[in-house]
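Report on one structure; see the data block that follows.
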Amino acid sequence: MEIPRSTSNVRVEVVGGAGSKATRVCCAKRGDRLPNDNDAVCSCHFLDASSSFSPTVFKRNPMYAHIFRSPEGSKKKPANSRKKLLLPGEPDLLLSSPKKGPIMQGTFSVADSCSDDVLAIPMDTTTGLEPLIDDLNSDNVLIIPLDGNVNCIQTADTTVTTPETPLTAKSSEIVTPEGSANVESTPSISDMKERFLRKMAEGRRLFRSQWEEKKQIKKSLSTLQTHNRLLVKELEEKNNSLSVAISEKKNCETEINRLKTVVASLQEKIINKTTALKKCEETVLQLQLQSKEDQEMLQKVNTKLASVEEALQKSNTAKCTVLRAQRELSEQLTAEKFRLHIENISTLDCKVSHYTGLPNYGTFKWLFSLFNNFTLSYYNFNVESISRENQLFMTLIRLKLGFGLQTLADWFRCSKTTVSNIVLTWVSALHTVLFDGFMGVIPSLAKVQQSLPECFKPFPTCRIVLDCTEVVTAVPKNMRKHNLTYSQYKHRTTFKGLVGVAPNGSCVFASKLYPGSTSDKAVVEDSKVAQVLQPGESVMADKGFLIGDLLPAGVSLIRPPFKTTVQFTEQQVIDSRKISKARVHVERAIERIKRYKILNFIPTCLAPRATMVFQVCCALTNLQKPLIAEVAGVLMEGANSSDEEDLE
């Protein structure tokens, strides 16, 4: 019996076995997906019964999405509403009804295990076995029901099960190879087997040849697809470039329109400017006419101005005379108001040192603070027109610079009597506070050794260095006094005073002034300075001081050696150098005292108070910077230590 052929694209699937209760199973390729060689097996495909190849899953191809609609992308529908892929055949009434599987439609069932005993032979008219990916009609499926007493025909690739009873198929006809459709009687089973085997062999050969052709077709399709993709990409790029060009063109058109509007607005502005220029020209003409009229007016005004200038010159001359008078008056007023005050030079240390002899304004303030609780007893009358601070300032100027009374009176805008009264009063006050308060007692040897400089280290017992100095005075009218004050050393009338300097350079003793003809020994004896010295101490003096017999017992005299031989010995030279190196500081101290120019010449009116002036000048030198540089550091350390003790 010939298997009916049809033009549908189906494939033969032989499934099932003995003992199965199912009547029939139909399986066909799905036509909604394109094939791919690398796909895995899908649940809707089974092992091919006609070849050794396994069927493949057909993935969705996005290029043909509009042709083959995928059910995965669409909305899920219930199982009974799916489109029937296979048409049912007539079941065998002798067997039980089939079971419905997962994709059962109508009376057909296709289970994952393929356990139904049915021979489904969908045929192609050209190949006889291999179906194409097209629609599946019920006329193209040959249903062969099987029962338990079947004969199995084993081939190389498939097993075909045939029933012993005649085959039944819905609307199926036996078609001869010539294509004539005539109904014959039921053939025998052996004839059917032979025909079936021949068809199976022919179909296998055709299937293999067709499979190779399909592979080539697939390759060509893949190349065409890639080519199409490239073409699509090129078209997309061209489309994008065209869209960009179109957008640019639109932008250019908008820009052109904008420029046209700008040009139109500029043309309007030009027209407006031209009209404005015409108006300006008209106004210029009017202004020219007005300028001519104004020139005529200016000529008239100039004539009037000339007369006014003459009047102004006269008034200016009068104003100049008035201004000169005012300037003179203001100068006089400022001259009357001007006075030399300490506040005017308080910020300038150099000026303070020049006028007062003190190093800075702070020292001046400290000196003035000593008189806060001091009651001044004026020499003649009380002075209130000048402050006490400026009175001290005036006195220091008189001592330091030696200015006359009239000069100080002009500077401080007062009388000479007032200046004399102030100077004498403050000299007495300074003598009481500075000399009597600070120089009344000579420092002990222990205090002297605390600030002993390096040059006095060879003489550690030296307590004081003595030397005499002379101050020039006016020639007295009395001859006897003249003879007493005349100095053979200065060849002038002088006063002689004894100065005692500590090894650290401080002036610690100042005697009263004696007539210039008095010897050094007599001055030392009368001043009684030697009586202050204690045994074990020494005093340093010049070679001319022959006071060895005046010193108490145990007190030694340090002086340069006398030359008793033709020349000094080596030790005498060394001793004389050491003594000279130490004694030079006494001469420097006396030089500081002599910087107070009032001691350059003592007038007759000041002679009664010359001793007081001399001692005050000696005391003021101690307020200056230390005479020896290395002593300054020692004094600073001592001051810091005393400050720390005060804080404790």
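The values are calculated or read from the model by the stated rules, or taken from the named source; none is laboratory data. Note that the coordinates shown come from a computational prediction; the quantities given were computed from them, not determined experimentally. Because the Cβ atoms are built from the backbone with ideal geometry, glycine has one as well, and the counts that use them run over all protein chains shown.
Of all the listed residues (G505, G536, G497, G516), the sole one being in contact with a helix residue (DSSP H, G or I) (Cβ under 9 Å, 6 or more places away or on another chain) and exposed (fewer than 15 other Cβ atoms within 10 Å of the Cβ) is G536. Here V419 fits the description: among the hydrophobic types (A, V, I, L, M, F, W, C), touching a residue at least 24 places away in the same chain (Cβ under 8 Å), more than 28 Å from S511 (Cβ to Cβ) and not assigned by TED's automatic domain parsing to the domain that holds M612. The set of residues in the stretch 340-366 being touching a residue at least 60 places away in the same chain (Cβ under 8 Å) and farther than 15 Å from L408 by Cβ consists of G357, L358, P359, T363. With the structure loaded, tell me whether P458 is touching a residue at least 40 places away in the same chain (Cβ under 8 Å), farther than 20 Å from V584 by Cα and either in contact with a strand residue (DSSP E or B) (Cβ under 9 Å, 6 or more places away or on another chain) or assigned to a loop (DSSP other than H, G, I, E, B) (or both) or whether it fails that test. So P458 fails the test. Taken over the stretch 593-626, the criterion of being out of contact with any Lys or Arg (no Cβ under 6 Å at 6 or more places or on another chain) and in a loop (DSSP other than H, G, I, E, B) is satisfied by R595, N600, F601, P603, N622, L623, Q624, K625, P626. Scanning for something under 18 Å from C617 (Cα atoms) and touching a residue at least 24 places away in the same chain (Cβ under 8 Å), does the stretch 529-540 turn up at least one residue? No: the stretch 529-540 contains no residue that is under 18 Å from C617 (Cα atoms) and touching a residue at least 24 places away in the same chain (Cβ under 8 Å).
Note on the stretch 553-583: residues that are free of Cβ contacts under 8 Å to residues at least 12 places away in the same chain and loosely packed, with under 12 Cβ neighbours inside 10 Å total 9.
Residue count for the stretch 437-488 under the criterion of being out of contact with any helix residue (DSSP H, G or I) (no Cβ under 7 Å at 6 or more places or on another chain), hydroxyl-bearing (S, T, Y) and within 29 Å of L606 (Cα to Cα): the result is 3.
For the stretch 526-554, residues that are over 22 Å from G505 (Cβ atoms) and touching a Ser or Thr at 6+ places or on another chain (Cβ under 7 Å) total 1. Yes or no: W411 in a helix (DSSP H, G or I), touching a residue at least 24 places away in the same chain (Cβ under 8 Å) and not assigned by TED's automatic domain parsing to the domain that holds V508? In short, yes.
Residue by residue, here is whether (1) surrounded by fewer than 18 Cβ atoms within 10 Å (Cβ to Cβ); (2) over 58 Å from the mean Cα position of the chain (by Cα); (3) not acidic (D, E) holds:
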{"position": "T347", "(1), (2), (3)": "yes, no, yes"}
{"position": "T363", "(1), (2), (3)": "no, no, yes"}
{"position": "F368", "(1), (2), (3)": "yes, no, yes"}
{"position": "G404", "(1), (2), (3)": "yes, yes, yes"}
{"position": "W411", "(1), (2), (3)": "yes, yes, yes"}
{"position": "S415", "(1), (2), (3)": "yes, yes, yes"}
{"position": "F435", "(1), (2), (3)": "no, yes, yes"}
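Against the condition in the same structural domain as P603 (by TED's automatic domain parsing), more than 17 Å from A589 (Cα to Cα) and not basic (K, R), how does V539 come out, does it pass? Criteria not met by V539.
Elements of the type helices (runs of 4 or more DSSP H) sitting completely within the stretch 313-407 and holding at least 3 residues that are of a type in the set (D, E, K, R): these cover 388-401.
Does L392 satisfy being without any contact (Cβ under 8 Å) to a residue 60 or more places away in the chain, buried (at least 20 other Cβ atoms within 10 Å of the Cβ) and either of a type outside the set (V, I, T) or in the same structural domain as K594 (by TED's automatic domain parsing) (or both)? The answer is yes for L392.
Selection over the stretch 193-207 of residues that are surrounded by 15 or more Cβ atoms within 10 Å (Cβ to Cβ), in contact with a strand residue (DSSP E or B) (Cβ under 9 Å, 6 or more places away or on another chain) and modelled with pLDDT of 85 or more gives a count of 2.
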